[in-house]
Each structure stands twice: as structure tokens, then as C-alpha cells.
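Notes follow the structure.
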Amino acid sequence: MVELKNVNVHYSSGVDALQDINLRINDGEFVFIVGGSGAGKSTLVKLMTREITPTSGRVFVNGYNLAKVKGNKIAKFRRSIGMVFQDFRLIQELNVYENVAFVLRIADQSSRFIKQRVTDVLNRAHKARSKPKELSGGEQQRVAIARALANDPGLIIADEPTGNIDPQLSYEIVELLKDINRSAGTTIIMVTHEHDLVKHFGGRIINIQDGAITFDDNIGGSDEDE
């Protein structure tokens, strides 16, 4: 579960990035967070991953009260979240298998567990022995999603995951995230500015504008008629 209670974020530059945010995302939900550049989406993600703390208010993620998560406990908390980024953030010197295994090695998992888990989250389409530069943008993002799944997180935050891939592949990436949500019950929060994708898939939509939530409701997607 993700919950923000009366959250405000004020930067020293004078910017009120978030204003009086009250938000609850239950376990197993798939949520789109939309908004233009500077709306506050990035600040919201940084709060949920404990990169920053609010000026006021409280943030709870995956059973953690983030005000009380400090020091070496931050890394443990972050392992409960799978992150997917716009720029993939794969390690170029490592192949696909090694990129996924890397996050498990950081978590001090055994070699046997790593081998089994990486095999579980990868499939033939991932080209396990290929380097990132040998893959298309869509293939790299699928690897990034597999890496996000490696620690079996309760929550995946996908921050503009379709920003660097072809429009048609964007729908496939969202469908993959939807499938993970349906099959594993993983909570998915997808941050995007691509309104066509949101309209196509529908579901719970949260719109942020000028640091405030201006819309939070479920809408039907155009794919329901197909």
C-alpha cells in the first residue's frame, strides 16, 4: 500500500512542488499518474522511493513509515520496490542475464537462488547473453522490467517507461505491466505524460497539476471496445 497524508514539499528555491497531497493506492492496484512537465510527478516518485522527505505530512509505502526509515534501512526498503526508468539504466558492460542478476547480488542472494530467479523472470525474447547495445529500445525496456521483478517486489514504479521507445511498442510495454499486475498481484504505479496510452488502457487515473491532485478516478479504456 502507498499512502500520503497531508503531504507538502517546498524546495529551497521557493517552489511548492506538492501541496496538501492526500493519496491512497491499495495493494494490487494499477494506477496511472499523469501530468505535464513540472506538475510534481517526479517529486511524488522521489517521495515514494525515499529520495526526499516531505516538508510536512507523512508517507507510507509497503508497510514502511518513511519518516522512520533511516541509514542502512533505506536500502532494505528500496528492495521492496521495483523501478523502471525511461532511459532503461542497464549496465552496458553486462549482458542481459548479468544485469538482472546484479540486483540480486547486491541483496546478498545465493548463487543458486540467483540462477533460478533470473531464469524465472527472463524468457527467450530477452536474449540473455546479449549486451544492451545489441537490443532495441523495446527489448531493453523488457529487460529493465525483468530486473525490476528480480527481488519479487510488492510495488513497481514505472517512471515514463515508454518515453524512449516506438509508439507501437509503448502499448506492448504497458500490456506487459498490466499482465504482471493481473498475474502476480503486483501493485503498479506508472508515471506518464502520454495521454493516448492512458485513454487506451483506462483504469485509475491520477492527474497532478501545479503540485496538486486535480483528478483521481477510474475511466474506461478504448481497448474495452476492441
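With Phe102, Phe77, Phe60, Phe30 as the choices, which residue is closer than 30 Å to Lys127 by Cα, among the aromatic types (Phe, Trp, Tyr) and touching a strand residue (DSSP E or B) at 6+ places or on another chain (Cβ under 7 Å)?
Answer to the check: Phe30.
Within region 67-82, which residues are farther than 16 Å from Ile52 by Cα and in contact with a Lys or Arg (Cβ under 9 Å, 6 or more places away or on another chain)?
Scanning region 67-82 gives a single hit, Gly82.
Only one of (1) among the small types (Gly, Ala, Ser); (2) under 24 Å from Ala212 (Cβ atoms); (3) open to solvent by less than 20 Å² (accessible area, probe 1.4 Å) is not met by Ser56, so which one is it?
(3)
Give just the number: which of (1) more than 26 Å from Gly220 (Cα to Cα); (2) of a type in the set (Val, Ile, Thr); (3) surrounded by 15 or more Cβ atoms within 10 Å (Cβ to Cβ) does Ile33 not satisfy?
(1)
Restricting attention to region 84-137, and to residues there that are acidic (Asp, Glu) and more than 20 Å from Asn151 (Cβ to Cβ), which single residue is most open to solvent (accessible area, probe 1.4 Å)?
From region 84-137, those acidic (Asp, Glu) are 87, 93, 98, 108, 120, 134; that's our starting set.
Then keep just the ones that are more than 20 Å from Asn151 (Cβ to Cβ); that gives 87, 93, 134.
Working: Asp87: 82, Glu93: 132, Glu134: 114 Å².
Among those residues, the one meeting the criterion is Glu93.
So, Thr186, is that one under 26 Å from Tyr64 (Cα atoms) and either under 13 Å from the mean Cα position of the chain (by Cα) or surrounded by 19 or more Cβ atoms within 10 Å (Cβ to Cβ) (or both) or not? Please lay out each step first, then the result.
Values: under 26 Å from Tyr64 (Cα atoms): yes; either under 13 Å from the mean Cα position of the chain (by Cα) or surrounded by 19 or more Cβ atoms within 10 Å (Cβ to Cβ) (or both): yes.
For Thr186, the condition - under 26 Å from Tyr64 (Cα atoms) and either under 13 Å from the mean Cα position of the chain (by Cα) or surrounded by 19 or more Cβ atoms within 10 Å (Cβ to Cβ) (or both) - is met.
With open to solvent by less than 70 Å² (accessible area, probe 1.4 Å) and either closer than 19 Å to Asn62 by Cα or more than 16 Å from the chain's Cα centre (by Cα) (or both) as the only criterion, which of Ile173, Ile165 stands out?
Working: Ile173 fails: either closer than 19 Å to Asn62 by Cα or more than 16 Å from the chain's Cα centre (by Cα) (or both).
Within the list Ile173, Ile165, the selection yields Ile165.
Considering only region 65-76, state which residues are surrounded by fewer than 17 Cβ atoms within 10 Å (Cβ to Cβ) and either among the charged types (D, E, K, R) or within 21 Å of Asp159 (Cα to Cα) (or both).
Initial filter on region 65-76 (surrounded by fewer than 17 Cβ atoms within 10 Å (Cβ to Cβ)): 65, 67-68, 70-76.
Residues satisfying the conditions are Lys68, Lys70, Lys73, Ile74, Ala75, Lys76.
Please list, ordered by first then second residue, the pairs with beta carbon atoms under 9 Å, 6 or more apart or interchain, first in region 137-151 and acidic (Asp, Glu), second part of a helix (DSSP H, G or I).
Filtered contacts from region 137-151: Glu139/Val96; Glu139/Ala125; Glu139/His126; Glu139/Pro132.
The values are calculated or read from the model by the stated rules, or taken from the named source; none is laboratory data. Note that the structure is a prediction, hence the values are computed from the model and not measured. Cβ atoms come from the backbone with ideal geometry, glycine included; neighbour counts cover every protein chain shown. Remember, those area values only see protein heavy atoms, side chains included, never the ligands or the DNA or RNA. Shrake-Rupley method; radii C 1.70, N 1.55, O 1.52, S 1.80 Å.
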